[in-house]
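Nothing in this text is a laboratory measurement; each read-out follows from the coordinates by a stated rule. For clarity, every value in this text was computed on a predicted model and none was experimentally measured. Cβ sites come from the backbone with ideal geometry, for glycine too, and all protein chains shown count toward neighbours.
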Amino acid sequence: MTWLRSFWVVFSKEVREGFRDRRSLVTALLFPVLGPALLGVMLVIVSQSTRKADEQGVDLPVAGREHAPNLVAFLAQGARVVPAPPDPEEAVRRGDAEVVIVIPEEFGERLRSGRPAPVRLIVDESRQQARPAMIAAERLLTAWSLQTGMQRLVVRGIHPAVVEPLALERVDVSTPASRAAMLFATVPFFLVMAVFTGGMPVAIDATAGERERQSLESLFAAPLPRSALVLAKMAGAGVFSALALAETLVGFGLVPLALPATRIGFSMQLDPRMLLRSFALGLPMVLLASGLMVVLAARARNFRAAQTTLSLLMLVPSLPGMALGLLSARPPGWVYAVPFLGEQMIVTRMLRGEALTTGQVAVSVAATITAAILVALFAARTFEQGQPLFDP
Amino acid sequence: MIVLEHVRKSFGPVEALRGVSFAVPDAHITGLLGPNGAGKTTALRIIYGVLRPDRGRALVDGVDLAAHRLEAQRRLGVLPHAQGLYARLTAREHVLYFGEMHGLSGERLRRRADELVRLLQMEEFADRCAEGYSQGQRVKVALARALVHDPRNVVLDEPTNGLDVAATRQVRSLLKQLREEGRCILFSSHVMQEVSALCDRVVVIARGQVVAEGTPDDLRRLTGRESLEDAFVAAIGSEEGLA
């Protein structure tokens, strides 16, 4: 009986048993849908607010329009002025209106006498969706205030530039792709999570579970090379890990199809080629993650302890990657040599449509595969000594 | 034929085996008798290759486990102390899985599985998943997977533990049948009745050492006691841990 046959016998049993475990299978295959679903919801929200602001212009409810016809005329150049709801504050609080401008009665009189004329802008700062309307209203009011002030200075013979020491000019360098990348920063995070959650049930069941059920001893008494035994268990977990990864990627691929990105000014590199590349890039992660999970679960005291350990293990590589994704600063080069982190960087940059060197990809793949081999060697050695059986 | 030669094994400060030697001949049922904690399970685990001795060696049909573990394990059928099953595999799949691990396959393996299902009267539950099996059913599956490759040597750690009378009798008659086929059978027990009912030879082990060895008659003669029970107690030097 060859090594390969031993491996195959155990591997096919682990996979068959994994597919029969409906509960963990559903958990493992449900999680990967979560990331794409979340991204879809976020995109819907953002696209709604952006579209309103960009295409239709902002609806600007104004109360007391009769008190300031000039101001209202100015506002109407930049937004659609509509009648205000009866109770402006309550309307904004409830979210019926995104913003309301209230012009009090004394506005005209104060303006004529040269004193600051009161205007109330009612907003809810905590509502992300209302932000474009808020900004539009503020800009219009500020612009009118500035324009009126300058007219007053000119009337008094003073050059308006005197009160404008700063010439502020805003230049927004974000491209549509990089704006969208803010949202897509969660993609690599969910890829890593999928790699871990997918293989976790099998990794635990095949080690800590097998010891708890007391079936490991019969397995160790069988004439199998222990390296074949442990590698088969890793590969078994890897199958489910790769499945979850594929599922997540397909899910992310479907998101832009369901919500055409161009309509909201985003163009995201989530085409099939990018997905296939991400999958290939994910395979070394699958190997390393399954290896780590099998090793750690084999050393856990029992089933529950293994679950706790592996849940923590999953956070270690996924959180720094998420931080890197959100910070758009250029990361140091060594990041690519860190397993899981490098892959997340590469996926993030592919999503942003940035160029990658072959070297960066090669370093990342080589680092992760090397780590996976080291973990497998370590596991084969501890299994050869019978460690998972007797001292977890 | 199973041989242990001067086997020593410690777990940290605890000396489980302190130079154990005995031979288990073919066509005999040999009982490894001793109180709880005497080192029975440790000795058996060394024989079936899941533990390695600190000193000494274990041989199965002359094959040294330390040097050729796989070759030695192929010659062994093992019923470990713990008979855990896979909840999502059927009894038949357990037998097939272990058959494949022993290098069997195809039609030959399927026929062997059918044969064991019949021999151990497992027809009723053979194709149901192991979740919810009774203790008796579990032991039958464990026995079937231990015997699937038709081993010359059979090692059983307390095989009748937790079984009812009917199942115990079944296991005993199976062991006798295996003996008639000329196999080498070693089983451990702390139940004297069982040993006296089954064994051709007895190895008495206490505190990690062999304290007596021979046929039940030898033991009685050696200790000068009338009943086997008294002979065991005399050999072990205490009644503690026996049943």
Handout entry: Label-to-label distance, nm, for residues given as residue B:52 and residue A:357 (7 Å Cα→Cβ offset)
Key = 4.6
Practice task
Could you give the DSSP H helices of chain A that reach 24 angstrom or more along their long axis (alpha carbon positions) and whose average Kyte-Doolittle hydropathy is no lower than 0.5?
Solution key: A:22-51, A:186-204, A:226-258, A:272-299, A:303-326, A:358-384
Handout entry: MRE, 222 nm, helices only [DSSP H, n ≥ 4, -39500 (n - 2.57), over chain A, to nearest 500]
Key = -22000 deg cm²/dmol
Practice task
Treating only the Cβ atoms of Lys and Arg (+1) and Asp and Glu (-1) as charged, compute the dipole magnitude of chain A about its Cα centre; round to the nearest 20 debye.
Solution key: 640
Practice task
Figure the gain on full extension for residue A:66 and residue A:142 (residue separation times 0.36 nm, minus the Cα-Cα span) and round it to one decimal in nm.
Solution key: 25.4 nm
Practice task
Any lysines with Cα under 20 Å of the residue A:233 Cα? List them, leaving off those in the same chain fewer than 8 positions away.
Solution key: A:13
Fill in the blank from the handout: Exposure proxy check on A:8, A:334, A:144: fewest-to-most Cβ neighbours within 10 Å is A:334, A:8, A:144
Fill in the blank from the handout: Per the Kirkwood formula over distinct C-alpha pairs, the hydrodynamic radius of chain A in angstrom is 25.2
Problem - Stokes-Einstein D for the range A:58-171, Kirkwood Rh over Cα pairs, 37 °C, 0.692 mPa s (µm²/s) - result: 215
Handout entry: Assigned charges on the beta-carbon of Lys, Arg, Asp, Glu; the range A:281-383 dipole about Cα centre (debye)
Key = 280
Fill in the blank from the handout: Unit-weight point scatterers at every alpha-carbon of the range B:85-150, Debye formula, q = 0.21, 0.24 1/Å: log10 I(q)/I(0) is -0.73, -0.96
Fill in the blank from the handout: So residue A:308 and residue A:26, fully extended at 0.36 nm per residue minus their Cα-Cα distance, gain in nm 99.6 nm
Completion exercise
Between residue A:377 and residue A:156, Cβ-based FRET efficiency (R0 60 Å, step 0.05) works out to 0.10
Fill in the blank from the handout: In the protein assembly as shown, taking the dipole from +1 charges on Lys and Arg beta carbons and -1 charges on Asp and Glu beta carbons about the Cα centre, the listed residue (B:193, A:270, B:86) farthest towards the positive end is A:270
Fill in the blank from the handout: Low-density loop GluC sites (Glu not before Pro), the range B:104-164, at most 16 other Cβ within 10 Å, DSSP non-H/G/I/E/B, are B:123, B:124, B:131
Completion exercise
In debye to the nearest 20, the charge dipole size for the range B:85-150, taken about the Cα centre with +1 at each Lys and Arg Cβ and -1 at each Asp and Glu Cβ, equals 80
Exercise for the section: Straight distance only, please: which lysines reach the Cα of residue B:176 with their own Cα at less than 24 Å, same-chain residues fewer than 8 apart left out? Expected result: B:40, B:140
Practice task
Please work out the FRET efficiency for the pair residue B:6 and residue B:111, using the Cβ-Cβ distance as r and a Förster radius of 56 Å; give the result to the nearest 0.05.
Solution key: 0.85
Practice task
Could you run the Debye sum over the Cα atoms of the range B:1-139, one equal point scatterer each and no solvent, and tell me log10 of I(q)/I(0) at q = 0.13, 0.16, 0.17 Å⁻¹, two decimals?
Solution key: -0.71, -0.97, -1.04
Practice task
Report the far tail of the P(r) of chain B, meaning the percent of Cα-Cα pairs longer than 21 Å.
Solution key: 57
Exercise for the section: Going by C-beta contacts inside 10 Å, put A:340, B:22 in order with the fewest on the left. Expected result: B:22, A:340
Practice task
May I ask you to sort A:309, A:358 by Cβ crowding, counting other Cβ atoms within 10 Å and putting the fewest first?
Solution key: A:358, A:309
